[in-house]
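Below: one structure, written as structure tokens.
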Amino acid sequence: MFGWNVKLNTTDGHPVIFNGKEKQSEGSITIGNHVWIGSDTAVTKNAQIPDDSLICQNSLVNKKFTCKNSLIGGIPAKIIADGYNWVR
């Protein structure tokens, strides 16, 4: 389930050069089953959100998380607590 104004970005939008080498500018996003992403959240390339997780409002998810039933949030996002689930 997505809140309003959730952004999914699988690319940087343009090449990025670091120390003379072009960095990978594209990557996939993996969202597990039964995930709730709060409003105004951005999810970037190469991010992974595990099953049965909740993403707090106004978060920046920019890495892979693997622990199911997690409460994830912040800028950048981190695991706040585990053992969470949600119902609609």
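Restricting to the range 18-45, name every residue that is surrounded by 13 or more Cβ atoms within 10 Å (Cβ to Cβ) and hydrophobic (A, V, I, L, M, F, W, C).
Hits for the range 18-45 are 29, 31, 35, 36, 37, 42, 43.
Take the residues in the range 46-88 that are basic (Lys, Arg) and farther than 11 Å from residue 35 by Cβ, then tell me which one is surrounded by the fewest Cβ atoms within 10 Å (Cβ to Cβ). Before you say what the answer is, go through the steps one by one.
Looking only at the range 46-88, we keep the residues that are basic (Lys, Arg), and these are 63-64, 68, 78, 88.
Add one more test, that the residue is farther than 11 Å from residue 35 by Cβ, and what stays is 63-64, 78, 88.
Working: 63: 12, 64: 11, 78: 13, 88: 5.
Restricting to residues being basic (Lys, Arg) and farther than 11 Å from residue 35 by Cβ, the top hit is 88.
Hey, which of the strands (runs of 3 or more DSSP E) in the range 12-88, taking only ones fully inside, have at least 1 residues that are at positive phi and among the small types (Gly, Ala, Ser)?
Details: elements: 42-44, 70-74, 77-82.
Filter on the range 12-88 gives 70-74.
Values quoted throughout were computed directly from the atomic coordinates according to the rules given, and no laboratory measurement underlies them. Keep in mind that this is a model prediction, so the values were computed, not measured. Cβ sites come from the backbone with ideal geometry, for glycine too, and all protein chains shown count toward neighbours.
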